[in-house]
1. Semi-axes of the range 75-147's equivalent ellipsoid from the Cα gyration tensor, sqrt of 5 times each eigenvalue, largest first, rounded to whole Å?
2. Which semi-axis lengths, in whole Å and largest first, follow from the square roots of five times the eigenvalues of the Cα gyration tensor of the chain?
3. Any idea what the relative contact order of the range 58-210 is, in percent, if you count C-alpha pairs under 8 Å spaced at least 6 apart?
4. Alpha carbon centre of the range 348-372 versus the range 255-330: separation in Å?
5. List the lysines whose Cα sits under 18 Å from the Cα of Lys222, skipping any in the same chain fewer than 8 residues away.
6. Relative to the present Cα-Cα distance, how much length would full extension add between Arg40 and Ile60 at 0.36 nm per residue of separation?
7. Separation between the His369 and Leu245 pseudo-spin-labels, each 7 Å from Cα along Cα→Cβ, expressed in nm?
8. Identify which of Ala117, Ala24, Ala357 has the largest mean-square fluctuation in a Gaussian network model of the chain, with springs joining Cα atoms closer than 10 Å.
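Just so it is clear, none of the values below were taken in a lab; they were calculated from the coordinates. All values reported here derive from a predicted model rather than from experimental measurement. Ideal geometry is used to build each Cβ from the backbone, glycine not excepted, and the neighbour counts take in all protein chains shown.
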Amino acid sequence: MTAILLRGRVLSFRSRPRDREDHASYLYETDGGILIEAGRIVAAGAFTDIAARAPLDARIVDHRPLLLMAGFIDPHIHFPQMQVTASYAANLLEWLNTYTFVEEQKFAEEAHAQRFAGLFFDELLRHGTTTAAAYCSVHKASADAYFAEAARRNLLMVGGKVMMDRNAPEPLTDTAQAGHDDTLAVIETWHGKARNHVAITPRFAITSSPAQLEAAGALVQKFPDLLIQTHLSENNDEIAYTMELYPEAKDYTDIYARYGLLSRKTLLGHAIHLSDREMDAIAEAGAVAVHCPTSNLFLGSGLFDLKRIREHGIRTAIATDIGGGSSYSLLRTLDEAYKIQQLRANRVPPIESFWQATRGNAEALGLVHKIGTLEPGTDADIIALDANATPAMRLRMETIGSLEEELFLLQTLGDDRAVRHVYVAGSPV
Ligand code: GUN
Ligand code: ZN
């Protein structure tokens, strides 16, 4: 297989930027190169250095003046909700019952799930998202379709068959036993096949009986390396109902902890309305709070408290939460997150936002040895971004002189139009 040498401006994060001046936290080369062989990154740095190391027959692809970086990672998204986005609802529970639990029933049908698996990955890639952690539907067929399509495209995808055995329409429920057995079958069929990663996925405490959370906990015991994904404290009515269902728990977070579902592997979608006790418990467990800004604004759920989350030492991620979210674009998502933090008097530097959408999200998934950076040995999932993608962006670019300003423009005005090229494991898509 011929080596590929990409040329362009190259950006890759080494660590979370502590502040705007933390230039050591990233590699930035204005004339950079990325050498790729057999789907992996061999080296990234100054073009002349990388070119000197490249095999003589390496194919050079010149992307100047585009910005080359690791593909975006979306660590919380719902595969069966492509036709739920833009549904008009007052709040989370109305939105779930009126639209979401209706739409997801269609994924019982294999042909429907297969069609949408293709559409889903098309849409992610168009937006520069090369890895996602997705909730499939309750139906095993939806997870089979999701992972089969990811394998066919050689994409690194995380996903899980949703476990839900109550408080939803009958066609959208399993049982504690069936949820366990189907999840086990999905793990055995798909985990580690091609680039697939299976996550244990109890939807949230409202739709899982104590017996089902116990069954999910048993799966965690059996497969301690697997990710766990669920929802936590998104909406005040949700929290009140949850505590009625689990009166013995100290709080919402404690429900998951009691069933062995709160660990370093746990992705907690939303995590908006949390007490200090809950934040301490989440930090101690090493679980991840996943901010879903466009969803939180769209459903009126609340404003993620990044400053308090950080002060408590909680690991973070940022995600779209389609179909509660209103954009597939991580750029749009960073913009909305920035605005939410502005309302909380907590200004986030763009360099930190771009770390979060790439390396930060990879760390949250425990996959930074494979994705999220341009480090040697990692998979070559790479995007080329264009800060001149639209007339409005081009005009603003006339006055821009630094990387920081360019990143801020990309996140403020950018969307799928700014994603000019996408490479998956070294191959252009
Ligand atoms: N809580 C439980 N299920 C869901 C879902 O599908 N979307 C969102 N935003 N919150 C949830
Ligand atoms: Zn969600």
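1. Working: eigenvalues 80, 50, 20 Å².
So the three semi-axes of the range 75-147 are 20, 16, 10 Å.
2. Here the semi-axes work out to 35, 24, 19 Å.
3. Once divided by the residue count of the range 58-210, the mean separation gives 22 percent.
4. 15
5. Filter leaves Lys161, Lys265.
6. Between Arg40 and Ile60, full extension yields an extra 5.6 nm.
7. Result for the modelled spin labels: 3.6 nm.
8. Among Ala117, Ala24, Ala357, the largest GNM mean-square fluctuation belongs to Ala24.
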